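Enquirer: One structure, as structure tokens, below. Some questions next.
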Amino acid sequence: MSPKFDPDALPTSPAFWRSPLRGPWFTSALGVVLLFGITVLFVTGLLSYAAYNPGLSPVNDKTPDKGLLGFYLFAWPTRPSWLYRLTQGVHVTLGITLVPVLLAKLWSVVPKLFALPPARSIAHALERISLLLLVGGVLFEFVTGVLNVQLEYVFPGSFYPLHFYGAWVFFGAFAVHVVLRGPAAVRNLRDMRSGRQPESGDLVAVRPAAPTMSRRGAFAVVGGASALLFGTTVGRGFDGPLRRTALLAPHGWAEPGSGPGGFQVNKTAAARGIAADEVGEDAWRLVVTGPGGRRARLSRDELLQLPLHSAALPIACVEGWSTGDQLWRGVRLRDLAELVGYAADEAPDALVESLQRRGAFRRAALRANQIRDPRSLLALEVNGAALTADHGYPARIIVPAAPGVLNTKWVARIEFGDLGKVAG
Ligand code: HEM
């Protein structure tokens, strides 16, 4: 006797999905949390992209043209100095915290992804295509983001354009979804609160299994998981004992050491291929160039003879970690521009080149507003002592409110001049 085929054993059958937790109320409540959370993620993500100076001649971002998507790019300000620390700390911490909410939302609607027929009308087909972009887009953004903060650079190309263009595709689909489903979500939540009408809709199981937890319990599990992720992530933006609570941060376990250089390092001198003999007093020279081939070549001792200034500034990384203010001392970048023929107040953009041989951001572009800020330094010392090798000895850039990677370490060359502005 051949076994009888049961169509309800397939995920395309509504009877296949038996959890009594599923229903429009659960989906809508999670949706509203995502509405706020993802909007903040999108805005802080766009801000982070702007902070990279991607519009400057292709150095920081190799994408030639942002087209219409670059409409909003602006010169990232240098005040307040903790600006990037805040926006990127929120972006990364919130992104990680939302993972359980997102997974629960996807779980709550998974029967719909299998529903047949694939399209009942042209409008329905269009909505399903937008859902493909929504689900594909959100998975792409979360996976690339989490891989980046965990230092797993497995991307086919630079992370920045992938995450940036991916965000636009995802957010376009997200906006369509909110327009189509937002009003129902609000209605569903009202019904849920008033409890006047029983819950109904496609997501309610037709053959519910016995409940293993209440819906309140399910919200508590999702909220608890989010709280746990938040609690083990948020510390990466603080110093001292709080940093040790950042168990999920790749740098969370590593003690930054003690003394003047005892604060977070991202990439060490060894990791970037800096040899001790090339940064020695005899070997290392800073080359500064300006208009008409004007050029200065300075040893570290000569730099120490120039007027030195101090600035208390944090380091804030795209990976979401940051340090509190460190006391940097060095030569103002605008004074270096003056050395090669610019008035300090008219200092232009600059291209900064590192000695490092490995890794991204060997060259970084800074905007004129960053160069002109009197707190922007070519730092030679930090917290009262010479820079350590891992903090960029013999000299490094420190610019208020700039993402960490623009604060080039082991600087070899600074080229002042108007960098070509890339469209958008
Ligand atoms: C990352 C964000 C989101 C993803 C990936 C997502 C995904 C989905 C998917 C795949 C469906 C099933 C659609 C269908 O075939 O009918 C759905 C349904 C729904 N979503 Fe979302 N969604 C997200 C955010 C939101 C937001 C922000 C809201 C509310 C403002 C929302 C409210 C709803 C509602 C009310 C439904 C219909 C539930 C029902 O059929 O009863 N979603 N969502």
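Enquirer: From the set of residues in the range 41-60 that are touching a Lys or Arg at 6+ places or on another chain (Cβ under 8 Å) and of a type outside the set (A, V, I, L, M, F, W, C), which is surrounded by the most Cβ atoms within 10 Å (Cβ to Cβ)? So that I can check it myself, show each step before the final result.
Expert: The first filter runs over the range 41-60 and keeps only residues touching a Lys or Arg at 6+ places or on another chain (Cβ under 8 Å), leaving 53-57, 59.
After this cut, where a residue has to be of a type outside the set (A, V, I, L, M, F, W, C) as well, the list is 53-55, 57.
Working: N53: 24, P54: 22, G55: 22, S57: 14.
Only one residue fits best here, namely N53.
Enquirer: To continue, here is another question. Here are some conditions: (1) among the hydroxyl-bearing types (S, T, Y); (2) farther than 21 Å from L406 by Cα; (3) not in a helix (DSSP H, G or I). T27 meets all but one. Which one does it not meet?
Expert: Evaluating T27 over (1) among the hydroxyl-bearing types (S, T, Y); (2) farther than 21 Å from L406 by Cα; (3) not in a helix (DSSP H, G or I) leaves (3) as the failure.
Enquirer: Among the candidates A123, A119, A104, which residue alone is within 15 Å of the ligand (Cβ to nearest atom) and not in a helix (DSSP H, G or I)?
Expert: Details: A123 fails: not in a helix (DSSP H, G or I); A104 fails: not in a helix (DSSP H, G or I).
Just a single option satisfies the conditions, and that option is A119.
Enquirer: Of the numbered conditions (1) assigned to a helix (DSSP H, G or I); (2) open to solvent by less than 40 Å² (accessible area, probe 1.4 Å), T78 satisfies every one except a single condition; which is it?
Expert: Result: T78 fails condition (1) only.
Enquirer: Can I ask one more? Looking at (1) within 21 Å of F159 (Cα to Cα); (2) under 17 Å from the mean Cα position of the chain (by Cα); (3) surrounded by fewer than 21 Cβ atoms within 10 Å (Cβ to Cβ), which one does G70 not meet, given that it meets all the others?
Expert: Exception for G70: condition (2).
Enquirer: Right, here's the next one. Given V109, V154, V169, which one is more than 12 Å from the ligand (Cβ to nearest atom), touching a residue at least 24 places away in the same chain (Cβ under 8 Å) and among the aliphatic types (A, V, I, L, M)? Can you show your working first?
Expert: On the way: V109 fails: more than 12 Å from the ligand (Cβ to nearest atom); V154 fails: touching a residue at least 24 places away in the same chain (Cβ under 8 Å).
None of the others qualify; the one that does is V169.
Enquirer: Of the conditions (1) open to solvent by less than 50 Å² (accessible area, probe 1.4 Å); (2) over 18 Å from T39 (Cβ atoms); (3) touching a residue at least 24 places away in the same chain (Cβ under 8 Å), G145 fails just one. Which one is it?
Expert: With (1) open to solvent by less than 50 Å² (accessible area, probe 1.4 Å); (2) over 18 Å from T39 (Cβ atoms); (3) touching a residue at least 24 places away in the same chain (Cβ under 8 Å) applied to G145, the lone miss is (2).
Enquirer: Another question, if that's okay. So which residues in the range 114-142 are open to solvent by 40 Å² or more (accessible area, probe 1.4 Å) and under 26 Å from A220 (Cβ atoms)?
Expert: Scanning the range 114-142 gives a single hit, L139.
Enquirer: Inside the range 175-201, can you point out the residues that are open to solvent by 50 Å² or more (accessible area, probe 1.4 Å) and within 37 Å of the chain's Cα centre (by Cα)?
Expert: Hits for the range 175-201 are V176, V179, L180, R181, P183, V186, R187, R190, M192, R193.
Enquirer: Right, next: From (1) in contact with a strand residue (DSSP E or B) (Cβ under 9 Å, 6 or more places away or on another chain); (2) surrounded by 12 or more Cβ atoms within 10 Å (Cβ to Cβ), pick out the condition that doesn't hold for A218.
Expert: Exception for A218: condition (1).
Enquirer: Within the range 81-89, is even one residue in a loop (DSSP other than H, G, I, E, B) and β-branched (V, I, T)? Even if it seems obvious, please write down each step before you answer.
Expert: Initially, the range 81-89 is screened for residues in a loop (DSSP other than H, G, I, E, B), giving 81-82.
Restricting the remaining residues to those that are β-branched (V, I, T) gives none.
No, the conditions are met nowhere in the range 81-89.
Enquirer: Let me ask something else about it. Tell me, yes or no, whether the range 22-38 has at least one residue that is more than 21 Å from R215 (Cβ to Cβ), out of contact with any Asp or Glu (no Cβ under 7 Å at 6 or more places or on another chain) and of a type in the set (G, A, S).
Expert: no
Enquirer: Which one of these does I38 not meet: (1) open to solvent by less than 30 Å² (accessible area, probe 1.4 Å); (2) within 15 Å of the ligand (Cβ to nearest atom); (3) farther than 19 Å from L162 by Cα; (4) outside any loop (DSSP other than H, G, I, E, B)?
Expert: Checking I38 against (1) open to solvent by less than 30 Å² (accessible area, probe 1.4 Å); (2) within 15 Å of the ligand (Cβ to nearest atom); (3) farther than 19 Å from L162 by Cα; (4) outside any loop (DSSP other than H, G, I, E, B), the one that fails is (3).
Enquirer: Please verify whether L162 is more than 12 Å from the ligand (Cβ to nearest atom), under 19 Å from the mean Cα position of the chain (by Cα) and not in a helix (DSSP H, G or I), treating the condition exactly as stated.
Expert: Numbers: more than 12 Å from the ligand (Cβ to nearest atom): yes; under 19 Å from the mean Cα position of the chain (by Cα): yes; not in a helix (DSSP H, G or I): no.
Considered against the rule, which asks whether it is more than 12 Å from the ligand (Cβ to nearest atom), under 19 Å from the mean Cα position of the chain (by Cα) and not in a helix (DSSP H, G or I), L162 comes out as no.
Enquirer: Take G235 and tell me if it is closer than 24 Å to A316 by Cβ and open to solvent by less than 50 Å² (accessible area, probe 1.4 Å).
Expert: For G235, the condition - closer than 24 Å to A316 by Cβ and open to solvent by less than 50 Å² (accessible area, probe 1.4 Å) - is met.
Enquirer: Of all residues in the range 191-212 being more than 30 Å from L116 (Cβ to Cβ) and away from the ligand (no atom under 16 Å from the Cβ), which is modelled with the highest pLDDT? It would help to see each step written out before you state the result.
Expert: At the first step, the residues of the range 191-212 found to be more than 30 Å from L116 (Cβ to Cβ) are 193-196.
Those left that are additionally away from the ligand (no atom under 16 Å from the Cβ): 194-196.
Numbers: S194: 92, G195: 84, R196: 82.
My answer is S194.
The values are calculated or read from the model by the stated rules, or taken from the named source; none is laboratory data. On a predicted model such as this, the values are computed, not experimentally measured, just so you know. When we count neighbours, we look across all protein chains shown, and the Cβ atoms used for this are built from the backbone with ideal geometry, even at glycine. Heads up: the accessible areas ignore ligands, DNA and RNA and are worked out on the full protein's heavy atoms, side chains in. Shrake-Rupley method; radii C 1.70, N 1.55, O 1.52, S 1.80 Å.
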